[in-house]
Amino acid sequence: MIAVTASQTDPNDPLKGLTVGERPEPAVPDGWTTVTVRAASLNHHDLFTLRGIGISPDRLPMTLGTDAAGVDEAGNEVIVHSVIGTPVNGDETLDPRRTLLSELHQGTFAEKVVVPKRNLVPKPAALSFEHAACLPTAWLTAYRMLFEKSGLEPGSTVLVQGAGGGVSTALITLGRAAGYRVWATSRSEAKRGKALELGADQVFETGGRLPERVDAVMESVGEATWDHSISSLRPGGRVVICGATSGMVAPTKLAQVFFLQKQIIGSTMGTRDQLGRLAVFLEQTGVRPLVDRVLPLTEAREGVAAMAGGDVFGKIVFTP
């Protein structure tokens, strides 16, 4: 089958190890099943893998991709939940040994992917395969950040740092649909304009002064925006952080945290049940993921290069 793999890693040149070509179909362990992939979406996780983050050389070559939608062995249209782990109190993301597809098990950038049977979620007929494939990582992450971790009610003001990526566009779209007042930042004037079109109430330059402090900050950028996130938060508010694409180490004004009782909440991915509810939310509201471009799987290099260069607004989707 055709697959997109990381054949080697390079921290400075992630495209160096990207290979498109024939790979053997993966074996199917007991309790697992095969999904014929109809669409898969790109995430920063795939770039991290190509840079050598979170994967060891002995696991290469590794088929990339965490997200997919397709058809199972019984002919059902399904969405693949990419977290592989044993639920702890009903939450598989709390399993200390949990992994994502493409870390230990082969990923979704292929004509077929093998996953545990419990990791399949029914795809609503109203969702296209391309839209459904955007959900398991970026959109599920945004869903959990807003509706579980933020602790906010509709009408609250939420700041989204960085307006262009998959998580950020999902946060803006979901937040608008749920009745939050959504503000967003970006270094790019063009992306700020697109964020307004997407549903943001106001947009600001990265690090810019806000009209007032916000109830919560949704943070995925990390080092470059961290100080602004802490300073922009009202007393008692929350920064919910799911990633750090600009750098993992950032100074924190601790006096602001303890004196003003600000909260820093970590969030990663979501559960299978939350993925199912997210799909229903989209079905009921008519909200759909913003897709930057759809490419054949054989042209995956173009999509990865665009993400590496920051030339993305929304999700990049591959179709086998």
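The values are calculated or read from the model by the stated rules, or taken from the named source; none is laboratory data. The structure displayed is predicted, hence computed values, not measured ones. Quick reminder, even Gly has a Cβ in these numbers, built from the backbone with ideal geometry, and neighbours come from all protein chains shown. All accessible areas refer to the heavy atoms of the entire protein, side chains included, with ligands and DNA or RNA removed. Shrake-Rupley method; radii C 1.70, N 1.55, O 1.52, S 1.80 Å.
Residues that are more than 21 Å from TYR143 (Cβ to Cβ) and free of Cβ contacts under 8 Å to residues at least 12 places away in the same chain are absent from the range 240-250. Against the list (1) in contact (Cβ under 8 Å) with a residue 24 or more places away in the chain; (2) within 26 Å of LEU47 (Cβ to Cβ), the condition ASP91 fails is (2).
Condition check ((1) within 19 Å of PRO154 (Cβ to Cβ); (2) in contact (Cβ under 8 Å) with a residue 24 or more places away in the chain) across all residues:
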site: ARG187; (1), (2): no, no
site: GLY193; (1), (2): no, no
site: ALA200; (1), (2): yes, yes
site: ALA216; (1), (2): yes, yes
site: THR252; (1), (2): no, yes
site: MET269; (1), (2): no, yes
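I'd like to know if the range 102-118 contains one or more residues that are among the aliphatic types (A, V, I, L, M) and either within 18 Å of ARG277 (Cα to Cα) or open to solvent by 20 Å² or more (accessible area, probe 1.4 Å) (or both). Looking through the range 102-118, at least one residue is among the aliphatic types (A, V, I, L, M) and either within 18 Å of ARG277 (Cα to Cα) or open to solvent by 20 Å² or more (accessible area, probe 1.4 Å) (or both).
If you check GLY193 against the conditions, is it under 24 Å from VAL317 (Cβ atoms), more than 17 Å from the chain's Cα centre (by Cα) and surrounded by fewer than 24 Cβ atoms within 10 Å (Cβ to Cβ)? It is true that GLY193 is under 24 Å from VAL317 (Cβ atoms), more than 17 Å from the chain's Cα centre (by Cα) and surrounded by fewer than 24 Cβ atoms within 10 Å (Cβ to Cβ). Among the residues of the range 252-268, write down those that are under 19 Å from GLY162 (Cα atoms) and not hydroxyl-bearing (Ser, Thr, Tyr). Across the range 252-268, the qualifying residues are ILE264, ILE265, GLY266.
Only residues that are under 20 Å from LEU297 (Cα atoms) and either touching a Gly at 6+ places or on another chain (Cβ under 6 Å) or assigned to a loop (DSSP other than H, G, I, E, B) (or both) were counted across the range 49-78, and they come to 9.
Residues satisfying the criterion are absent from the range 15-28 (criterion: of a type outside the set (Phe, Trp, Tyr), touching a helix residue (DSSP H, G or I) at 6+ places or on another chain (Cβ under 6 Å), at pLDDT 95 or above and in a loop (DSSP other than H, G, I, E, B)). Residue count for the range 29-48 satisfying the condition of being assigned to a loop (DSSP other than H, G, I, E, B), touching a residue at least 24 places away in the same chain (Cβ under 8 Å) and out of contact with any Gly (no Cβ under 9 Å at 6 or more places or on another chain): 2.
Within the range 41-95, being exposed (fewer than 15 other Cβ atoms within 10 Å of the Cβ) and polar (S, T, N, Q) holds for SER56, ASN76, THR86, ASN89. Using beta carbons and a limit of 7 Å, which pairs, at least six apart or on different chains, have the first residue in the range 13-24 and within 13 Å of ILE2 (Cα to Cα) and the second one open to solvent by 60 Å² or more (accessible area, probe 1.4 Å) and among the β-branched types (Val, Ile, Thr)? Qualifying pairs under 7 Å: VAL20/THR298. Evaluating VAL312 against the criteria (1) modelled with pLDDT under 95; (2) hydrophobic (A, V, I, L, M, F, W, C); (3) surrounded by fewer than 18 Cβ atoms within 10 Å (Cβ to Cβ) leaves one unmet condition, (3). Considering only residues in the range 282-291 that are in contact (Cβ under 8 Å) with a residue 12 or more places away in the chain and open to solvent by 50 Å² or more (accessible area, probe 1.4 Å), the one that is nearest to the chain's Cα centre (by Cα) turns out to be LEU290. Counting just the residues of the range 142-164 that are open to solvent by 10 Å² or more (accessible area, probe 1.4 Å) and part of a helix (DSSP H, G or I), which one comes out farthest from GLY237 (Cα to Cα)? The residue in question is TYR143. Of the residues in the range 26-40, at least one is among the basic types (Lys, Arg), out of contact with any Cys (no Cβ under 7 Å at 6 or more places or on another chain) and surrounded by 20 or more Cβ atoms within 10 Å (Cβ to Cβ). Of the residues contained in the range 258-279, none is found to be of a type in the set (A, V, I, L, M, F, W, C), modelled with pLDDT under 95 and open to solvent by 20 Å² or more (accessible area, probe 1.4 Å).
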